[in-house]
1. For the structure I just gave you, tell me whether Tyr61 is surrounded by 13 or more Cβ atoms within 10 Å (Cβ to Cβ), at negative phi and at pLDDT below 95.
2. Please go through the range 93-113 and give me each residue that is under 18 Å from Ser36 (Cα atoms) and open to solvent by 80 Å² or more (accessible area, probe 1.4 Å), ordered by number.
3. When residues of the range 124-149 are filtered for being under 14 Å from Asn47 (Cα atoms), open to solvent by less than 70 Å² (accessible area, probe 1.4 Å) and either of a type in the set (Gly, Ala, Ser) or in contact (Cβ under 8 Å) with a residue 60 or more places away in the chain (or both), how many remain?
4. Given the conditions (1) closer than 22 Å to Glu140 by Cβ; (2) surrounded by 24 or more Cβ atoms within 10 Å (Cβ to Cβ), and given that Gln49 satisfies all but one, which numbered condition is not satisfied?
5. Just one of (1) open to solvent by less than 60 Å² (accessible area, probe 1.4 Å); (2) within 26 Å of Glu39 (Cα to Cα); (3) at pLDDT below 95 trips up Arg86, so point out which.
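The values are calculated or read from the model by the stated rules, or taken from the named source; none is laboratory data. These numbers come from a predicted model, not from an experiment. Methodologically, a virtual Cβ is constructed for each residue, glycine included, from the backbone with ideal geometry; neighbour enumeration extends over all protein chains shown. SASA here: full protein model, heavy atoms, side chains in, ligands and nucleic acids out. Shrake-Rupley method; radii C 1.70, N 1.55, O 1.52, S 1.80 Å.
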Amino acid sequence: MIDSLVAGKTLCEISSWTITNLRLQKVLYFAHMFYSGREKKKLIGENFQAWEYGPVLPSLYRHVKQFGKYPIESSVFFFQKGLESRDKEFTYLENMYNAMDDLDAGDMINISHWKEGAWYKAYEPGERGRIISQEDIVIEYHARFGESG
């Protein structure tokens, strides 16, 4: 398991510092889902929460929220080390970033709001702090991609 800030810095580096907070949260969620479904363990140690625009890692959100809809700048992760390209976790992050690169923010929100998905099960309008269960994330992975556990 990796820390959400390590995952965040790594994705920012993979994107050459062009990624926004919303895109960062979505790519991390789906990378976490794939890793969890395939490796049978969590990619990121922090729990995702169900917020209005989809799954969010709250500590990472707070760390980069100052950039709003603009790309996250490297200075925010000055003291944080990212993953090495030889790490398995890096490969999951890079592959998911590349897979979602052509999607716009609306597409990403629609995908994460799937009515059979983990976010949908946890979300309550107007509430923050509702944990998306790891079990539901794995169930969503298998439902979406038809791979048996």
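1. On the way: surrounded by 13 or more Cβ atoms within 10 Å (Cβ to Cβ): yes; at negative phi: yes; at pLDDT below 95: no.
No; evaluated as a whole, the condition is false for this residue.
2. Residue satisfying the conditions is Asn95 alone.
3. Filtering the range 124-149 for residues under 14 Å from Asn47 (Cα atoms) gives 128-138.
If we keep only those that are open to solvent by less than 70 Å² (accessible area, probe 1.4 Å) too, we end up with 129, 132-134, 136-138.
Still in the running and either of a type in the set (Gly, Ala, Ser) or in contact (Cβ under 8 Å) with a residue 60 or more places away in the chain (or both): 129, 132-134, 137-138.
Residues flagged as under 14 Å from Asn47 (Cα atoms), open to solvent by less than 70 Å² (accessible area, probe 1.4 Å) and either of a type in the set (Gly, Ala, Ser) or in contact (Cβ under 8 Å) with a residue 60 or more places away in the chain (or both) within the range 124-149 amount to 6.
4. (2)
5. (1)
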